[in-house]
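Before any comments, here is the structure.
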Amino acid sequence: MASSSDDRDRDRDVAPATLAAQALHTVDGLTGAIVPPLHASTTYARTPAYDLIGGGDYTRDLNPTYRAAEALLAKLEGGAEAMLFSSGMAAATVVFRAILRRGDHVVAPIAMYYGVRTWLRAHCADHGIELDLIDMAAPAGAAAIDRAVRPGQTKLVWVETPANPTWDVTDLRAAAAAAHRAGAILAVDSTVATPVYTRPFEHGADLVMHSATKFLNGHTDVLAGALVTRAPDSIWEMLRARRRGEGAVPGPFEAWLLVRGMRTLFARVERQSATAAMLAARLEARGDVTVLYPGLASHPGHHVAAQQMKGGFGAMMSLRCGTRARALEVCARVEVFARATSLGGVESLIEHRASVEPPDTPTPADLLRLSIGLEDPEDLARDLERALGAVSSAR
Ligand SMILES: Cc1ncc(COP(=O)(O)O)c(C=O)c1O
């Protein structure tokens with residue numbers, strides 16, 4: 001991949017949606033291709049003087065197709081650099097493993113993607129790390145983070161906002177202030193907000209993490225993760241060394257698909273979020289279901305979300321149906337939504353979350369998680385209304 005300095009200069013003056021649509025306006029120096037090429041080669045040759053030709057020698061560290069995705073994501077987040085990983089879990093867990101040592105303290109939310117929570121509990125127990133899982137939900141969450149951090153001992157504050165599966169919103173500015181007061185760094189799982197609606201570095205975050213499997217790729221056909229850093233500092237170098245040493249990298253084809261997915265990120269997420277907002281309002285008006293969506297004035301985190309999410313509230317929502325049985329019955333009756341886990345794709349998904357999480361999950365048993373896709377909004381509304389209407393509203 002090559003790009004002239006003219007192209008780079010153009011990047012400074014255009015909106016993130018333009019950078020995404022044009023994949024940074026890069027033009028391949030050898031062929032003129034405007035689609036970033038897929039570099040399948042695992043190894044890269046040197047000159048007779050033994051200099052590297054393209055800057056990297058082996059794909060585990062520096063595949064040019066990773067770089068295309070990483071450069072675009074770093075720009076979209078307003079960060080210094082990005083790194084791809086083989087999954088969102090690989091990107092999340094390397095942060096905890098690289099930063100935390102025996103005796104350190106880490107603060108994370110109770111409401112978060114259960115995979116990270118489950119792993120984190122086990123990791124901290126195994127390695128003598130003190131873990132506080134706290135309620136970070138706005139509006140009271142900011143004070144709770146401030147109380148939880150221990151200056152000198154807390155090394156990391158982890159936030160997910162909006163958070164699975166109740167879409168709790170955490171005040172990033174307050175979380176950053178609390179973390180930094182304690183000498184800790186703030187890492188944010190921004191998978192659900194996406195850079196379309198929140199750029200955590202603008203609110204004081206130090207690291208941003210994505211399950212790129214979700215909205216960044218957007219087509220339910222790639223497993224990948226990403227980290228973005230505010231600055232290429234010593235922690236970033238540690239994370240880079242871990243990725244090189246541990247090898248948790250995606251295949252080049254996944255990286256290439258991710259670039260392709262990110263080119264339509266803004267159009268997808270804006271449309272999906274507009275549909276989600278319409279559905280949330282319409283379902284709330286029925287009165288037979290409680291809708292959890294940060295865009296609704298009734299959501300406890302709405303005020304903070306309206307400040308830190310610019311232009312929309314995302315495409316994830318949950319419905320509290322009153323009882324587990326009613327939730328499962330609604331789930332059984334939908335015909336347009338697919339009953340499946342995951343989120344952020346072009347197709348709408350519905351999931352009874354408590355069924356897939358461990359028995360000690362804080363997720364309410366009557367909760368259905370919805371990932372809103374790109375289908376006709378009326379088809380989605382009618383599908384949910386039909387399913388809810390057919391099921392008795394015993395609550
Ligand atoms: C918010 C969030 N973070 C992290 C992950 C883990 O990502 P992956 O499945 O790509 O490993 C997920 C997956 O569902 C998620 O929803």
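The values are calculated or read from the model by the stated rules, or taken from the named source; none is laboratory data. Everything numeric here is computed off the predicted structure, so don't read it as measured data. Glycine gets a Cβ as well: all are built from the backbone with ideal geometry, and neighbour counts include every protein chain shown. Remember, those area values only see protein heavy atoms, side chains included, never the ligands or the DNA or RNA. Shrake-Rupley method; radii C 1.70, N 1.55, O 1.52, S 1.80 Å.
Yes or no: Leu76 more than 16 Å from the ligand (Cβ to nearest atom), outside any loop (DSSP other than H, G, I, E, B) and over 17 Å from the mean Cα position of the chain (by Cα)? Judged against the criteria, Leu76 is not a match.
The sole residue among Ala91, Ala138 that is outside any strand (DSSP E or B), within 12 Å of the ligand (Cβ to nearest atom) and modelled with pLDDT of 95 or more is Ala91. Among the residues of the range 196-228, those that are more than 11 Å from the ligand (Cβ to nearest atom) and open to solvent by less than 10 Å² (accessible area, probe 1.4 Å) comprise Thr198, Pro200, Ala205, Leu207, Val208, Gly218, Leu227, Val228. Say we look at the range 10-61 and pick out the residues that are outside any loop (DSSP other than H, G, I, E, B), open to solvent by less than 70 Å² (accessible area, probe 1.4 Å) and at pLDDT below 90; which of these is nearest to Phe253 (Cα to Cα)? Among residues in the range 10-61 that are outside any loop (DSSP other than H, G, I, E, B), open to solvent by less than 70 Å² (accessible area, probe 1.4 Å) and at pLDDT below 90, the one nearest to Phe253 (Cα to Cα) is Asp61.
In the range 106-132, what residues are in contact (Cβ under 8 Å) with a residue 40 or more places away in the chain, more than 16 Å from the ligand (Cβ to nearest atom) and either under 23 Å from Ala241 (Cα atoms) or open to solvent by 60 Å² or more (accessible area, probe 1.4 Å) (or both)? Please lay out each step first, then the result.
Initially, the range 106-132 is screened for residues in contact (Cβ under 8 Å) with a residue 40 or more places away in the chain, giving 106-114, 116, 118.
Narrowing further to those that are more than 16 Å from the ligand (Cβ to nearest atom): 106-107.
Passing the criteria: only Val106.
Condition check ((1) in a helix (DSSP H, G or I); (2) of a type outside the set (A, V, I, L, M, F, W, C); (3) under 20 Å from Val196 (Cα atoms)) across all residues:
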{"site": "Glu237", "(1), (2), (3)": "yes, yes, no"}
{"site": "Met262", "(1), (2), (3)": "yes, no, yes"}
{"site": "Arg282", "(1), (2), (3)": "yes, yes, no"}
{"site": "Gly295", "(1), (2), (3)": "no, yes, yes"}
{"site": "Phe313", "(1), (2), (3)": "no, no, yes"}
{"site": "Ser318", "(1), (2), (3)": "no, yes, no"}
{"site": "Ala327", "(1), (2), (3)": "yes, no, no"}
{"site": "Ala332", "(1), (2), (3)": "yes, no, no"}
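Being closer than 19 Å to Gly373 by Cβ and surrounded by fewer than 19 Cβ atoms within 10 Å (Cβ to Cβ) is the filter here, so list the residues in the range 319-335 that pass it. Result: Arg333, Glu335. Residue under question is Ala231, and the condition is that it be open to solvent by less than 20 Å² (accessible area, probe 1.4 Å), touching a residue at least 12 places away in the same chain (Cβ under 8 Å) and not hydroxyl-bearing (Ser, Thr, Tyr); does it hold? In short, no. Restricted to the range 182-194, and to residues that are open to solvent by less than 10 Å² (accessible area, probe 1.4 Å) and over 9 Å from the mean Cα position of the chain (by Cα), which residue is farthest from the ligand (Cβ to nearest atom)? In this case the residue turns out to be Ala182.
Rundown of residues vs (1) in contact (Cβ under 8 Å) with a residue 60 or more places away in the chain; (2) farther than 29 Å from Ala365 by Cα; (3) not in a loop (DSSP other than H, G, I, E, B), yes/no style:
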| position | (1), (2), (3) |
| --- | --- |
| Val159 | no, no, yes |
| Thr166 | yes, no, no |
| Ala175 | no, yes, yes |
| Gly183 | no, yes, no |
| Val196 | yes, yes, yes |
